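Structure first, commentary second.
The values are calculated or read from the model by the stated rules, or taken from the named source; none is laboratory data. Please read these numbers as outputs of a predicted model, since none were measured by experiment. Please note: Cβ atoms are built from the backbone with ideal geometry, for glycine as well, and neighbour counts cover all protein chains shown.
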Amino acid sequence: MEQKTDYLIIGSGIAGYYALTELLKSNANITMITADHDYPYNRPPLSKEYLRGEKKEKPYFKPPEYYFSLKNVKIMLNTKVESININKKEAMLLNGDIIEFNKALIATGGSPRRLGVSGENLRGVYYLRSLRDADSIKEAMSVSKNPVIIGGGFIGIEAAASMATLGLKPTIIEVMPRIWTTFIGEEVSRHLQTYFESKGVKILTNEKVKEIVGDDKVNAVITEGGKRIDADLVIVAVGIKPNVEIALNSGIDVNNGIIANEYLMTSAKDIYTAGDVANIYDPNLNKRRRIEHWNNAWYCGKLAARNMMGSNEKYNFLSTVWSDIFDIHIEAGGETIDYDNYVLKGNMSTNKFLIVYSKKGIINGYVAFNWDIKELDKLNDMIVKKMSISELPK
């Protein structure tokens, strides 16, 4: 069956949803196709307040009935696009249907990386990416005695904090020497690890998982170092891989994500990309990168939509990220790994501090625990203006 639409959005995550909100201003026909089973929802609560049961309602951006009231919008759930004919501007669906479009956005996000070890498909082993994943894990947590989390990144530590808040005693297994190695420097990472341990979270670093064992259901995780960790619930949180299959099948340039120009257009005319799947040039950090942060997905979704509607705006955004862990609100911006000096304000022991990073004397990033947001806004401006660390207010 052939269908036509003005704007096609592939993906219903943060970037896809906010592209939709922007495109609604055009009064054009919009089709959103998503492999997800649910209408667009907010992902950050899935590892935090929703997982803990503090918010009973599902974190939809809008209730499903809202979309039924939009006469010019069609949302196709549990549907996959196989490829795009970039010359004919036609999307081929896995079910054989074809959708003709004027302009399209690929905002397919990412999928959890698999461990690739024996036992990863046992009952009781979960990946946390979707709303349905969170629902399954919540149910498993309610009867768990020995939860184990493989991976000490964002999802891993947020899930561990949620478990500990509920009285569970999770174990984090991390292959690197410390948690959060891809996000924060060693000083903050060591401090955070000590704080987690004080909350009853056991952290094993420098340990690579060899296998997950159990008859029908998981009962232990075995590391290459020979450790056996009892487990009745395992969350694998070792990062995501960008969902680039549609681009690859369509002849669109891919390299650690879908390559986008400064207007978020791909190598194919009138086809854009945004969110976790997009590889963009960051003018503030002077490098290409793929950014897996909520704020960036929000910004890119709206920017891509405006450019699809005829605007000509370049990407120019300082990506920031936040997390809420126990009683700590964490904010970070810019570069938090590649630095040669830093300034500490506040006191790490009280969990109220700011670390400002610099490289060659220029401020390039920060990490803040429970810090004044107004000061961070000023710091964001200093990073964009590439100001000297010597200009940092005392």
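Condition first: under 29 Å from the mean Cα position of the chain (by Cα), over 16 Å from N146 (Cβ atoms) and not in a strand (DSSP E or B). Now tell me which residues in the range 208-235 satisfy that.
Hits for the range 208-235 are K208, E224.
For the range 175-202, which positions are of a type in the set (S, T, N, Q) and either assigned to a loop (DSSP other than H, G, I, E, B) or buried (at least 17 other Cβ atoms within 10 Å of the Cβ) (or both)?
Answer for the range 175-202, where residues must be of a type in the set (S, T, N, Q) and either assigned to a loop (DSSP other than H, G, I, E, B) or buried (at least 17 other Cβ atoms within 10 Å of the Cβ) (or both): T181, T182, S189, Q193.
Can you name every residue in the range 21-38 that is in contact with a strand residue (DSSP E or B) (Cβ under 6 Å, 6 or more places away or on another chain) and either buried (at least 17 other Cβ atoms within 10 Å of the Cβ) or among the basic types (K, R) (or both)? Can you show your working first?
As a first pass, look at the range 21-38 and keep what is in contact with a strand residue (DSSP E or B) (Cβ under 6 Å, 6 or more places away or on another chain): 23, 28-33.
Passing the criteria: L23, N29, I30, T31, M32, I33.
Of everything in the range 43-63, what is closer than 10 Å to L131 by Cβ and in contact with a helix residue (DSSP H, G or I) (Cβ under 8 Å, 6 or more places away or on another chain)? Give them in sequence order.
R43, L46, Y50, K58, P59
Which residues, taken from the range 323-348, are closer than 14 Å to F196 by Cβ, in a strand (DSSP E or B) and over 18 Å from the mean Cα position of the chain (by Cα)?
Once the filter is applied, which keeps residues that are closer than 14 Å to F196 by Cβ, in a strand (DSSP E or B) and over 18 Å from the mean Cα position of the chain (by Cα), the range 323-348 yields only I328.
Checking E65 against (1) over 21 Å from I271 (Cα atoms); (2) assigned to a loop (DSSP other than H, G, I, E, B); (3) of a type in the set (D, E, K, R), which single condition isn't satisfied?
Failing condition for E65: (2).
Tell me whether the range 274-288 contains one or more residues that are in contact with a Phe, Trp or Tyr (Cβ under 9 Å, 6 or more places away or on another chain) and β-branched (V, I, T).
Within the range 274-288, one or more residues are in contact with a Phe, Trp or Tyr (Cβ under 9 Å, 6 or more places away or on another chain) and β-branched (V, I, T).
Would you confirm, using the coordinates I've provided, whether I172 is assigned by TED's automatic domain parsing to the domain that holds N121, buried (at least 18 other Cβ atoms within 10 Å of the Cβ) and in contact with a strand residue (DSSP E or B) (Cβ under 6 Å, 6 or more places away or on another chain)?
yes
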